[in-house]
Amino acid sequence: MSAPATPNETLLEIRNLEIRYGAAVAVRDVSMTVKRGQLVAVIGANGAGKSSLVRGATGLVRPSRGEVRFRGEDTTRLTADAKVRRGLVMAPEGRLLFPDQTVDDNLTLGAYVHGGLKGERARQTRERVLEMFPRLRERLGQLAGSMSGGEQQMLAIARGLMAEPELFVIDELSLGLAPKIVDQLIGVLRDLNRQGLTILLVEQLAAHALAIADHTYVISNGIVAKEGPSRELARDPEVMAAFLGKAH
Ligand SMILES: Nc1ncnc2c1ncn2[C@@H]1O[C@H](COP(=O)(O)OP(=O)(O)OP(=O)(O)O)[C@@H](O)[C@H]1O
Ligand SMILES: [Mg+2]
């Protein structure tokens, strides 16, 4: 169980993170901060190191250097499971649902760190999540893999919410989805953030990310090339040239 919430608390603090795959360095030296209540975006070109960064933060890969602090605790060496239990939850790139299981089963699996759906609290969480995604309620018995890409992304988000995140990391919200669906899902994230959920969004579509994030980090070749309030970055000619001109 996680500690009680403190307003303006620093949830995630990454210091000088390095992630390697053998000899290849994917994240060279990244420091970043996410505070409670924020929606922070990470943007950057293909292969810049965005996924490696969040995989390092959430415990799916072991950093070779640097520190990942979550709510003040050094969690650098903790497993992904241990981090989920502390409230650091990720919807991974490519969604990674269980396609041959039903929507309902996928949701239940999202709550596994809290003992599945046995408790009253988990049942309430499920109810809240289904209110947010009525499409999923209609499809509870359907196999996850048989749904549209947009519905699957909804399910990936809903499954993450079942773990009751303090910080919800979403890697590539828009991946493979039609623009109209992306707009809808961006709206969902904005609503979740307004309801108080802290979000770290990794997104290829820089314009979409900048439109909803308070603060944005631009990752390039494994380092933070630029960071700042999204409003400022959206007007930055270098950022514009690098991303926004070819957002679609
Ligand atoms: N499992 C792996 N083994 C070896 N190299 C990897 C692995 N995963 C990623 N890389 C390499 O690390 C670098 C960063 O990749 P990463 O997936 O973190 O980038 P990204 O910014 O998320 O890219 P994309 O926009 O395509 O999702 C790339 O050069 C990539 O080829
Ligand atoms: Mg990626």
Before we move on, is residue 199 without any contact (Cβ under 8 Å) to a residue 40 or more places away in the chain, within 21 Å of residue 94 (Cβ to Cβ) and either assigned to a strand (DSSP E or B) or not charged (D, E, K, R) (or both)? no
Could you say whether any residue in segment 64-73 is over 19 Å from the mean Cα position of the chain (by Cα), in a strand (DSSP E or B) and either free of Cβ contacts under 8 Å to residues at least 24 places away in the same chain or within 16 Å of ligand 2 (Cβ to nearest atom) (or both)? yes
Condition (residue is open to solvent by 20 Å² or more (accessible area, probe 1.4 Å), within 21 Å of residue 111 (Cβ to Cβ) and of a type outside the set (Gly, Ala, Ser)) applied to segment 170-190: is it met by at least one residue? yes
Failed item, numbered, when residue 130 is tested on (1) open to solvent by 10 Å² or more (accessible area, probe 1.4 Å); (2) over 19 Å from the mean Cα position of the chain (by Cα); (3) modelled with pLDDT of 95 or more: (1)
Only one of these conditions is not met by residue 203: (1) open to solvent by 20 Å² or more (accessible area, probe 1.4 Å); (2) within 16 Å of ligand 1 (Cβ to nearest atom); (3) of a type in the set (Asp, Glu). Which number is it? (1)
Considering segment 32-60, residues that are more than 8 Å from ligand 1 (Cβ to nearest atom) and part of a loop (DSSP other than H, G, I, E, B), and then whichever is surrounded by the most Cβ atoms within 10 Å (Cβ to Cβ), we arrive at 59
Which one is most open to solvent (accessible area, probe 1.4 Å), of the residues in segment 2-28 that are in contact (Cβ under 8 Å) with a residue 60 or more places away in the chain and over 20 Å from the mean Cα position of the chain (by Cα)? 28
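The values are calculated or read from the model by the stated rules, or taken from the named source; none is laboratory data. Remember, predicted model here, so these are calculated numbers, not experimental data. For neighbour counting, all protein chains shown are included, and Cβ atoms are generated from backbone atoms with ideal geometry for every residue, glycine included. For accessibility, only protein heavy atoms count, side chains too; no ligands or nucleic acids. Shrake-Rupley method; radii C 1.70, N 1.55, O 1.52, S 1.80 Å.
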